[in-house]
Amino acid sequence: MKCRRCGKRAVIDIKAHHTAFCRDCFILYVHRQVRRAIAEYRMFSREDKILVCVSGGKDSLALWDILLSLGYECHGLHLDLGIDGYSERSRMKAVEFAQKRGCTLRVISMEEMGIPVPKLAKKSRRPECSVCGTVKRHFFNKAALEGGYKVVATGHNLDDEAARLLGNILHWQWEYLAKQRPVLPPVSDLLVRKVEPLCRLSERESAAYAILTGIDYILEECPMSKGATSIRYKHALNILEDSMPGAKMSFYTGFIKNLPRLSRAWEDLHGAIGEDSGGSFSRCSECGSASFTDPCNFCRLTIESGLRPR
Ligand code: AMP
Ligand code: ZN
């Protein structure tokens, strides 16, 4: 198998694009896919300071590496979720990456704040993954506002987004469908813009990028995510992709293209969402963050569990 670009020996084939690349051309291809996503969905400009949320996994570390290579000003944020053993190992990967590259990383420890995710889930009697999601959303936005960042970037890849889309469609979750997009615009000065620059790259491509560029990432899955439904959706989509290369990409990008039609569903639910609109958001009276409800989901969770952040 030869590289379609330069004719050298290929190290990876990409059936969805009927192509194959050597290491160097694959790296160029990945950068091009990310540049395309940033431009096509108007994620951010050269002037924006970006906060990259890094878990220590392949996707977010690859994202940080790619944005740095493309010349963007971006700093890292890692949340130590307080999951015994797994969190320490994940944190190490993020810290080591930042040290190696000489870039700024902020670490927020849930343990130090007295709200480790497993304890929060147990005390509030809520599913661990939902508690974890609430905690992440809260601190991603809070850290961005505190640091003066215009944009929060996460490492969600095409497989993540296609699986989420399949789940939302299977259960016809209109509200979630209307909110699923590679760019969530900022809402007044309460919510910063959220972007997913890896949305055109599959999980396999992002893993290959991490390996070929020598990124040291955590291989193990989060112990709390065992049996997560998203894993089953990914599996189903992989079966489809095997016999229909490109199916994931057309499923997801086709949906994004049709989003204007769906935005009416969002407007019916919450009012127009846009650069200047505050919709029906207001400030949580406990913590001051943006929320549809008062208190916000995060404060409700910590109040219910009897664990308030220190
Ligand atoms: P997940 O929700 O675990 O699939 O992760 C999706 C994205 O959220 C990752 O690619 C990261 O950008 C971000 N993320 C997940 N966990 C963390 C964490 N502990 N700290 C910072 N960012 C995270
Ligand atoms: Zn709150």
Across the alpha-carbon set of region 68-192, Rg over Rh with Rh taken as the Kirkwood radius works out to 0.98
Listed by chain and number, the residues whose amide H is under 5 Å from that of Leu105, excluding neighbours fewer than 5 places away on the same chain and using placed H, are Gly76
Computed curve, region 122-169, Cα-only Debye sum without solvent term, log₁₀ I(q)/I(0) at 0.19, 0.27 Å⁻¹, is -0.84, -0.99
Here the cysteines of the chain lacking a cysteine partner under 4.7 Å (Cβ to Cβ) are Cys6, Cys25, Cys53, Cys74, Cys103, Cys129, Cys132, Cys199, Cys222, Cys287, Cys299
Taking a crude spin-label model, label points 7 Å out from Cα along the C-beta direction, the Arg106 to Leu219 distance in nm is 3.3
Neighbour-count ranking for Val54, Val183 (other C-beta within 10 angstrom, fewest to most) reads Val183, Val54
So the compactness index of region 1-97, its C-alpha Rg divided by 2.2 N^0.38 Å, takes the value 1.31
For the chain, the Cα convex hull volume per residue in Å³ comes to 136
Given 236-246, 289-299, the highest-first ranking by average Cβ count within 10 Å works out to 289-299, 236-246
Going through Lys150/Lys248; Lys100/Lys194; Lys123/Lys234 one by one, the pairs whose alpha carbons sit over 28 Å apart turn out to be Lys150/Lys248; Lys123/Lys234
Taking a crude spin-label model, label points 7 Å out from Cα along the C-beta direction, the Arg310 to Ser130 distance in nm is 2.9
Low-density loop trypsin sites (Lys or Arg not before Pro), region 219-257, at most 11 other Cβ within 10 Å, DSSP non-H/G/I/E/B, are Lys226
Nearest 10, in degrees from 0 to 90: the angle of helix 58-69 to the longest Cα principal axis of the chain is 70
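Each value in this text was obtained by applying a stated rule to the coordinates, not by laboratory testing. Bear in mind that the values here come from a model prediction, so they are computed numbers and not experimental data. Reconstructed Cβ throughout: ideal geometry from the backbone, glycine too, with neighbour counts over all protein chains shown.
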